[in-house]
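Colleague: Before I ask anything, here is the structure I am working with.
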Amino acid sequence: MEMGRLVYEGKAKSLYEHPEEDDLLVMEFRDDITAFDMEKVDRVEGKGVCNCLISARLFEVLEDEGVPTHYVDLVDERRMVVERLDMFKLEVICRNIATGSLVKRLPFEEGEELDPPIVEFDYKSDEYGDPMVNMDHIRALGLASEDEVERMRELTLRVNEVLSEFLEERGIILVDFKLEFGVNPDGEIVVGDEISPDTCRFWDAETRESLDKDIFREDKGDVLAGYLEAARRILEGDEEKLAMLPG
Ligand code: ADP
Ligand code: TMP
Ligand code: ASP
């Protein structure tokens, strides 16, 4: 596919105009990996491919269950066509098990089950370090309306149900994850960005070992091996995508 103009280059992905359709974009998953607001930066060859294929599969699973997403189609192993969204400057986090920043901020015990799950909203801003915000902050900053926040929360909990079940069948615990939402050209709020080991915590159901970015954040070993293991399990049964995995 011929690529249109580069619209945006982020920490891990690049967005290009679609060569024919104004309402679409091409999202490219690069091999760059960062953590702790760019304190840690590296490149992991093959990571972009894993994240692209995993995201594509999980978006398909969500669409099949009636959850609206921006996903349209794969172009190749590291590029996908998505709807152009007007993004909310919010990150919506959903937690099933207490770990990560939660146990640093509040008196939860590491590994404690959270039932019902906890949903948090963060202001998406590298400058401010993605701080947690409540409805008053969101309203005052004009980030979203009450109805929009309620819709994002509802969709996040539905994503959690669908993906927790899908992953459990593949020996993966969905510990927590981050979603981004936007408004599509039809005016609908849909799930955007990516759903991958960069934006979720995936634990092996038996060993509780990380198959996600925590391997990089905490120097726990071979990052690509973890991402590939997650990818093989998530893509099981999808021979076309499995064949595109590196190695
Ligand atoms: P960051 O911007 O945090 O460095 P990335 O490198 O992942 O992150 O860049 C992807 C960017 O694209 C993010 O800012 C995200 O909000 C934005 N984005 C994701 N999906 C869409 C979409 N469908 N339309 C427009 N922007 C999107
Ligand atoms: P946290 O425990 O560090 O707050 O992370 C919660 C979840 O959000 C975890 O699955 C990783 C994901 N996440 C992102 O996708 N982007 C981020 O910038 C951060 C800090 C976390
Ligand atoms: N994505 C964030 C960063 O690049 C933080 C993280 O995922 O740990 O700094």
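Each value in this text was obtained by applying a stated rule to the coordinates, not by laboratory testing. As the structure is a computational prediction, the values presented were derived from the model and not from experiment. Note that each Cβ is placed from the backbone with ideal geometry, even for glycine, and that neighbours are counted across all protein chains shown.
Colleague: Could you work out the helix-only [θ] at 222 nm for the chain, with each DSSP H run of four or more residues adding -39,500 (n - 2.57) and the total divided by the number of residues, to the nearest 500 deg cm²/dmol?
Modeller: On the way: 7 runs with 72 residues, N = 247.
After summing the helix terms and dividing by residue count, I get -8500 deg cm²/dmol.
Colleague: Roughly how far apart, in whole Å, are the Cα centres of the range 154-189 and the range 39-104?
Modeller: 9 Å
Colleague: For Met1 paired with Leu114, estimate the spin-label separation in nm (one decimal), with each label point 7 Å from Cα along the Cα-to-Cβ line.
Modeller: About 3.4 nm separates the two model spin labels.
Colleague: Follow-up question, since we're still on this one. Taking the Cα centre of the chain as origin, work out the dipole magnitude from +1 charges on Lys and Arg Cβ and -1 charges on Asp and Glu Cβ, in debye rounded to 20.
Modeller: Numbers: 30 positive and 64 negative charges, 139 e Å.
The calculated dipole for the chain is roughly 660 debye.
Colleague: Using the Cα gyration tensor of the range 75-211, with a ≥ b ≥ c the square roots of its eigenvalues, what is the shape: rounded (a/c below 1.5), prolate (a/b larger than b/c) or oblate (neither)?
Modeller: Working: a/c = 1.84, a/b = 1.22, b/c = 1.51.
Note, shape of the range 75-211 comes out oblate.
Colleague: Follow-up. Taking the highest mean first, how do the peptides 56-63, 180-187 order by number of other beta carbon atoms within 10 angstrom per residue?
Modeller: On the way: 56-63: 20.1, 180-187: 16.0.
Descending packing order for the listed peptides: 56-63, 180-187.
Colleague: Still on this structure, I have one more. Might you report the magnitude of the Cβ-based charge dipole of the range 1-113 about its Cα centre, with Lys and Arg at +1 and Asp and Glu at -1, to the nearest 20 debye? Display every interim value, and only then the final one.
Modeller: On the way: 15 positive and 28 negative charges, 116 e Å.
So the dipole magnitude of the range 1-113 works out to roughly 560 debye.
Colleague: Wrap a convex hull around the Cα atoms of the chain, take a quarter of its surface area, and give that in square nanometres. Please report the intermediate quantities before stating the final value.
Modeller: Details: hull surface 53.4 nm².
Result: 13.4 nm².
Colleague: Right, next: Please compare each pair in Lys104/Lys241; Lys40/Lys241; Lys13/Lys104; Lys13/Lys178 to a cut-off of 26 Å on the Cα-Cα distance and tell me which ones are over it. Before the final figure, lay out the partial values.
Modeller: Numbers: Lys104/Lys241 38 Å; Lys40/Lys241 30 Å; Lys13/Lys104 29 Å; Lys13/Lys178 16 Å.
Listed pairs above 26 Å: Lys104/Lys241; Lys40/Lys241; Lys13/Lys104.
Colleague: I would also like to ask the following. What FRET efficiency do you get for Lys89 and Glu63 if R0 is 41 Å and r is their Cβ-Cβ distance, rounded to the nearest 0.05? Intermediate values should be presented prior to the final figure.
Modeller: Numbers: r = 25 Å, r/R0 = 0.60.
About 0.95, to the nearest 0.05.
Colleague: To the nearest 20 debye, what charge dipole does the range 190-242 have about its Cα centre, counting +1 at the Cβ of each Lys and Arg and -1 at the Cβ of each Asp and Glu? Please report the intermediate quantities before stating the final value.
Modeller: On the way: 8 positive and 16 negative charges, 27 e Å.
Approximately 140 debye in magnitude.
Colleague: Through the Karplus equation 6.51 cos²θ - 1.76 cosθ + 1.60, θ set to phi - 60°, convert the phi angles of the range 27-32 into ³J(HN,Hα) values in whole Hz; use x for Gly and Pro.
Modeller: The phi angles translate into 9, 10, 9, 8, 8, 6 Hz.
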